[in-house]
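**Q** Below you'll find the structure I mean.
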Amino acid sequence: FLQFLLTRYAFYGMIWAKQNRSPHSRTFKEMEQTMIYADNAATTKTSAAAQQAMLDAMEHFWGNPSSLHSPGQQAKEALQSAREAVARAIGAQPREIYFTSGGSEADNQAIVSAAKTGAHKGKKHLITTAIEHHAVLHTVDQLAKEGFEVTLIPVDESGIVKVSDVAAAIREDTALVSVMFANNEIGTIQPVAEIGALCREKKVPFHVDAVQAVGHLPIDVNAQNIDMLSLSGHKFHGPRGVGALYVRRGTPLLTFIHGGAQESGRRAGTENLPAILGMTAALDDSIAHMAENNAHAAKLRDALIDGLSKIPHSALNGDREHRLSGNVNFCFEGIEGESLLLLLDDKGIAASSGSACTSGSLDPSHVLLAIGRPHEVAHGSLRLTLDQDNTMEDVKAIVKATTEVVNYLRDMSPVWKALQRGERNYVIQ
């Protein structure tokens with residue numbers, strides 16, 4: 001019944017939002033000038049450096065890197081330079097970098113390779129966490145259907161994985177441990193180096209989904225004992241549709257796409273050189289300005305958390321300290337997240353209720369459920385992710401708009417009215 005109420009509530013909220021939109025559609029340029037963009041965890045705006053690198057690639061490096069003629073060899077040299085840049089960013093060797101279409105493909109190839117390699121040795125046990133991105137969770141779900149056993153490590157109420165829980169889960173037949181560096185929804189940063197040291201001691205391959213971390217946090221795959229790592233260009237102001245997979249030398253990697261000898265025979269298909277060069281330009285720029293960007297975003301993040309915390313019966317999701325510098329995730333009791341997003345969009349604020357890959361789903365976030373939020377509260381979540389382009393004025397506007405929208409939605413919510421009448425108990429005090 002509660003689900004029915006929430007669904008109806010979302011439906012009427014959407015109607016209200018559509019009816020109150022301007023009759024004259026805004027042009028993209030007008031929207032860009034007025035919109036406060038607070039959804040950088042979903043995707044970032046392509047930087048000027050990345051755009052220029054892509055234009056240069058299309059003009060000067062248009063040859064096929066696999067061709068023997070001069071244009072092809074020039075493209076090959078540019079591709080190698082990009083491989084060196086990615087390797088340098090994470091403390092790896094260029095020969096350990098494989099370009100992919102993004103983080104999801106990299107996650108899939110890493111996990112499937114470790115699982116099927118392990119199976120040949122009688123190891124069919126996989127370990128990951130309950131808050132991973134679906135690119136990881138759906139992959140291990142598929143492997144479970146093929147006969148693998150999967151252990152999902154829980155997290156505490158702050159969304160942190162305990163190293164002791166990982167240690168307790170490792171068995172003689174464990175083929176892989178996969179733990180994300182930083183969560184895409186609640187921003188919590190995991191003890192990757194400690195888990196990596198444990199896996200190295202137990203001789204278990206360790207994969208890290210670092211899609212939200214690369215370009216934002218210092219990474220050294222050797223110091224952190226990481227055997228495989230996934231990254232995606234559009235999370236640090238590079239283009240969409242391009243990423244990379246790091247695989248430590250000596251770690252088996254199965255061919256995922258067949259048909260050619262590109263990427264050392266591990267991924268067929270002519271390399272998307274403009275996108276790759278755009279990604280590496282953005283990565284170089286992000287790393288060069290990492291400290292100042294993080295300091296700026298963290299200041300905005302803390303002010304935003306303080307402002308939203310003043311809304312009654314609201315709660316921050318994730319650890320206050322061990323989180324990405326620009327990540328803010330809140331639950332507001334008595335409302336529904338989809339309506340909240342639509343009304344904020346009408347006020348010129350682009351936000352999210354969680355992962356962009358599942359934003360069309362009415363199901364509550366698996367991450368919020370994993371940290372102990374009940375379904376009815378998890379439905380009222382809001383993710384705001386800021387970066388160096390945001391300002392303190394943006395934060396003030398977001399706090400004001402969110403407060404107004406939450407109050408409006410609560411006024412029309414039967415759930416909120418039942419809470420106020422004392423017919424139900426508040427979950428968030």
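**Q** Order 370-383, 414-427 from most to least packed using the mean count of other Cβ atoms within 10 Å.
**A** Details: 370-383: 22.6, 414-427: 13.6.
Highest-to-lowest ranking by the protection proxy: 370-383, 414-427.
**Q** Bin width 10 Å, alpha-carbon pairs only: give the P(r) of region 181-271 as whole percents, running from 0 to the bin holding the largest distance.
**A** Calculated over all Cα pairs of region 181-271, the distribution is 16, 41, 33, 10 percent.
**Q** So, with a 1.4 angstrom probe, what is the percent of accessible area on the chain that is carbon and sulfur?
**A** Numbers: 9910 of 18870 Å².
Within the chain, the accessible surface is 52 percent carbon and sulfur.
**Q** Which whole-number percent is the relative contact order of the chain (Cα, under 8 Å, 6+ apart)? Display every interim value, and only then the final one.
**A** Working: 812 pairs, mean separation 91.7, N = 429.
Here the relative contact order equals 21 percent.
**Q** Right, something else. Give the cross-link partners of K347 among the aspartates and glutamates, using a straight C-alpha distance below 18 Å as the criterion and excluding same-chain residues fewer than 8 apart.
**A** E30, E32, D39, E336, E338, E393, D394, E404
**Q** Let me ask another. Among the listed pairs K121/K202; K45/K299; K123/K235; K76/K203, give every one whose C-alpha distance is greater than 25 Å.
**A** Details: K121/K202 16 Å; K45/K299 21 Å; K123/K235 34 Å; K76/K203 36 Å.
Listed pairs above 25 Å: K123/K235; K76/K203.
**Q** Shifting gears a bit: In a GNM of the chain with a 10 Å cut-off on Cα contacts, which of M392, M180, M54 has the highest mean-square fluctuation?
**A** M392
**Q** What does the accessible area per residue of the chain come to in Å², with a 1.4 Å probe and no ligands, DNA or RNA counted?
**A** Numbers: 18870 Å² over 429 residues.
Per-residue accessible area for the chain comes out at 44 Å².
**Q** With all distinct Cα pairs included, what does the Kirkwood hydrodynamic radius of region 242-399 come out to in Å, to one decimal, could you say?
**A** Values: mean 1/r = 0.0540 Å⁻¹.
Mean inverse Cα-Cα distance, inverted, gives 18.5 Å.
**Q** Mind ranking 240-251, 275-286 by how tightly packed they are, going by the mean number of other C-beta atoms within 10 angstrom, highest first?
**A** 275-286, 240-251
**Q** Explain nothing, just compute: Karplus ³J(HN,Hα) = 6.51 cos²θ - 1.76 cosθ + 1.60, θ = phi - 60°, for every residue of region 242-247 in order, whole Hz, x for Gly and Pro.
**A** 8, x, 7, 10, 8, 9
**Q** Could you work out the Rg to Rh ratio of region 382-422, with Rh taken as the Kirkwood radius (inverse of the mean 1/r over all Cα pairs)?
**A** Numbers: Rg = 14.3 Å, Rh = 12.1 Å.
Here the Rg-to-Rh quotient is 1.18.
**Q** Taking the Cα-to-Cβ direction at R171 and at N64 and moving 7 Å from each Cα, how far apart do the two end points lie in nm?
**A** 4.8
**Q** Then there's this: At 222 nm, what helix-only mean residue ellipticity would the chain give, in deg cm²/dmol to the nearest 500, using -39500 (n - 2.57) for each DSSP H run of four or more? Don't skip to the end; give the middle numbers.
**A** Details: 15 runs with 187 residues, N = 429.
Result for the chain, helices only: -13500 deg cm²/dmol.
**Q** For semi-axes √(5λ) of the Cα gyration tensor in Å, several values are listed as (i) 38, 28, 18; (ii) 32, 25, 20; (iii) 31, 29, 22; flag the one computed from this structure.
**A** Checked against the structure: label (i).
The values are calculated or read from the model by the stated rules, or taken from the named source; none is laboratory data. Values in this document were obtained by computation on a predicted structure and should not be read as measured data. Using ideal geometry, Cβ is built from the backbone for each residue, glycine included, and neighbour counts are taken over all protein chains shown. Only protein heavy atoms, including side chains, enter the accessible area calculation; ligands, DNA and RNA are left aside. Shrake-Rupley method; radii C 1.70, N 1.55, O 1.52, S 1.80 Å.
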